[in-house]
Amino acid sequence: MSDEQSLDASELDCESRYDFFLSMVGEEREIWILINNDNQFLKIFSEEEDFEYLPVWPTSETAKDYADANGEALTPKSIALPEFLNRWISGLQNDGLEVGVFPASDKSVWVIEPSELKSDIQDELSDAW
(Lines give C-alpha, C1' and ligand atoms only; values in the text may rest on other atoms or scores of the structure.)
Protein backbone atom coordinates (compact mmCIF):
# COMPACT_ATOMS: atom_id res chain seq x y z
CA MET A 1 0.00 0.00 0.00
CA SER A 2 1.34 3.41 -0.90
CA ASP A 3 1.50 6.35 1.52
CA GLU A 4 -1.09 8.10 -0.67
CA GLN A 5 -3.54 5.20 -0.29
CA SER A 6 -3.01 5.27 3.49
CA LEU A 7 -3.67 8.99 3.56
CA ASP A 8 -6.81 8.57 1.45
CA ALA A 9 -8.08 5.78 3.73
CA SER A 10 -7.55 7.85 6.87
CA GLU A 11 -9.89 10.50 5.44
CA LEU A 12 -12.81 8.06 5.10
CA ASP A 13 -15.69 8.03 7.59
CA CYS A 14 -15.57 5.55 10.50
CA GLU A 15 -17.64 2.84 8.85
CA SER A 16 -15.66 3.03 5.60
CA ARG A 17 -12.39 2.90 7.54
CA TYR A 18 -13.72 -0.21 9.33
CA ASP A 19 -14.47 -1.89 6.01
CA PHE A 20 -11.03 -0.87 4.71
CA PHE A 21 -9.43 -2.30 7.86
CA LEU A 22 -11.18 -5.65 7.40
CA SER A 23 -10.11 -5.79 3.76
CA MET A 24 -6.46 -5.00 4.54
CA VAL A 25 -6.30 -7.42 7.46
CA GLY A 26 -7.79 -10.10 5.24
CA GLU A 27 -5.05 -9.48 2.67
CA GLU A 28 -2.04 -8.84 4.90
CA ARG A 29 -2.91 -11.16 7.84
CA GLU A 30 -1.63 -8.70 10.43
CA ILE A 31 -2.93 -5.95 12.69
CA TRP A 32 -0.98 -2.92 13.86
CA ILE A 33 -0.92 -1.35 17.33
CA LEU A 34 1.20 1.40 18.85
CA ILE A 35 3.69 0.78 21.65
CA ASN A 36 5.82 3.07 23.81
CA ASN A 37 9.51 2.76 24.68
CA ASP A 38 8.65 0.28 27.46
CA ASN A 39 6.89 -1.99 24.93
CA GLN A 40 3.49 -1.18 26.49
CA PHE A 41 0.62 -0.90 24.05
CA LEU A 42 -1.49 2.23 23.71
CA LYS A 43 -4.91 2.17 25.37
CA ILE A 44 -7.32 5.06 25.01
CA PHE A 45 -9.90 6.02 27.61
CA SER A 46 -13.13 7.51 26.29
CA GLU A 47 -14.39 9.88 28.98
CA GLU A 48 -17.65 10.45 27.11
CA GLU A 49 -18.50 6.73 27.04
CA ASP A 50 -16.51 5.69 30.16
CA PHE A 51 -14.56 2.76 28.69
CA GLU A 52 -11.07 1.92 27.45
CA TYR A 53 -10.14 0.54 24.06
CA LEU A 54 -7.16 -0.81 22.20
CA PRO A 55 -6.68 1.17 18.98
CA VAL A 56 -5.72 -0.95 15.96
CA TRP A 57 -4.75 -0.01 12.41
CA PRO A 58 -4.56 -1.86 9.08
CA THR A 59 -1.00 -0.76 8.24
CA SER A 60 2.17 0.48 9.86
CA GLU A 61 1.80 3.76 7.95
CA THR A 62 -1.69 4.51 9.27
CA ALA A 63 -0.61 3.74 12.85
CA LYS A 64 2.47 5.97 12.50
CA ASP A 65 0.40 8.77 10.97
CA TYR A 66 -1.91 8.68 14.00
CA ALA A 67 1.00 8.79 16.46
CA ASP A 68 2.67 11.63 14.55
CA ALA A 69 -0.56 13.65 14.31
CA ASN A 70 -1.05 13.35 18.07
CA GLY A 71 2.55 14.18 18.92
CA GLU A 72 3.08 10.91 20.75
CA ALA A 73 6.40 9.03 20.86
CA LEU A 74 4.92 5.69 19.87
CA THR A 75 6.08 3.02 17.44
CA PRO A 76 3.91 0.77 15.24
CA LYS A 77 4.07 -2.92 16.11
CA SER A 78 2.69 -5.75 14.01
CA ILE A 79 0.62 -8.55 15.50
CA ALA A 80 0.16 -11.62 13.33
CA LEU A 81 -3.52 -12.27 12.71
CA PRO A 82 -3.56 -15.78 14.26
CA GLU A 83 -1.97 -14.40 17.44
CA PHE A 84 -4.46 -11.54 17.56
CA LEU A 85 -7.46 -13.83 17.09
CA ASN A 86 -6.27 -16.59 19.41
CA ARG A 87 -4.59 -14.64 22.22
CA TRP A 88 -5.37 -10.96 22.09
CA ILE A 89 -9.15 -11.22 21.66
CA SER A 90 -9.60 -13.28 24.84
CA GLY A 91 -7.12 -11.06 26.70
CA LEU A 92 -9.01 -7.94 25.70
CA GLN A 93 -12.29 -9.51 26.81
CA ASN A 94 -10.78 -10.56 30.15
CA ASP A 95 -9.43 -7.03 30.69
CA GLY A 96 -12.76 -5.41 29.75
CA LEU A 97 -11.26 -3.56 26.79
CA GLU A 98 -13.06 -2.73 23.57
CA VAL A 99 -11.27 -2.39 20.21
CA GLY A 100 -11.07 0.94 18.40
CA VAL A 101 -10.61 0.17 14.73
CA PHE A 102 -8.51 2.58 12.64
CA PRO A 103 -8.75 5.78 14.70
CA ALA A 104 -8.24 8.92 12.66
CA SER A 105 -6.25 11.96 13.73
CA ASP A 106 -9.57 13.76 14.35
CA LYS A 107 -10.24 11.13 17.09
CA SER A 108 -13.13 9.50 15.20
CA VAL A 109 -13.06 5.74 15.65
CA TRP A 110 -15.21 2.63 15.15
CA VAL A 111 -15.40 0.94 18.59
CA ILE A 112 -16.41 -2.71 18.74
CA GLU A 113 -16.47 -5.64 21.17
CA PRO A 114 -13.45 -7.95 20.65
CA SER A 115 -15.67 -10.95 19.90
CA GLU A 116 -17.58 -9.01 17.23
CA LEU A 117 -14.33 -7.93 15.59
CA LYS A 118 -13.12 -11.54 15.60
CA SER A 119 -16.35 -12.64 13.93
CA ASP A 120 -16.09 -9.90 11.28
CA ILE A 121 -12.45 -10.78 10.54
CA GLN A 122 -13.34 -14.46 10.23
CA ASP A 123 -16.18 -13.54 7.84
CA GLU A 124 -13.73 -11.47 5.79
CA LEU A 125 -11.27 -14.37 5.66
CA SER A 126 -13.96 -16.84 4.58
CA ASP A 127 -15.16 -14.41 1.87
CA ALA A 128 -11.58 -14.16 0.59
CA TRP A 129 -11.54 -17.89 -0.20
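Worth pointing out:
- Residues that are within 21 Å of I35 (Cβ to Cβ), in contact (Cβ under 8 Å) with a residue 12 or more places away in the chain and either surrounded by fewer than 14 Cβ atoms within 10 Å (Cβ to Cβ) or not aliphatic (A, V, I, L, M) (or both), drawn from region 94-128: G96, E98, G100, F102, P103, S105, P114
Yes/no per residue for (1) closer than 19 Å to F20 by Cβ; (2) touching a helix residue (DSSP H, G or I) at 6+ places or on another chain (Cβ under 8 Å):
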residue	(1), (2)
I44	no, no
E48	no, no
F51	no, no
N70	no, no
F102	yes, yes
V111	yes, no
P114	no, yes
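- Any hit, region 82-89, residues being of a type in the set (V, I, T), at pLDDT 95 or above and surrounded by fewer than 21 Cβ atoms within 10 Å (Cβ to Cβ): yes
- Checking each residue in region 19-65 for being of a type in the set (S, T, Y) and crowded, with 19+ Cβ neighbours inside 10 Å picks out Y53, T59, T62.
- Filter result for P76 (in contact with a Ser or Thr (Cβ under 6 Å, 6 or more places away or on another chain) and at pLDDT 95 or above): yes
- Tally of residues being part of a loop (DSSP other than H, G, I, E, B) and within 14 Å of P114 (Cβ to Cβ) across region 36-89: 1
The values are calculated or read from the model by the stated rules, or taken from the named source; none is laboratory data. Keep in mind that this is a model prediction, so the values were computed, not measured. Cβ: placed from backbone, ideal geometry, glycine included. Neighbour counts: every protein chain shown.
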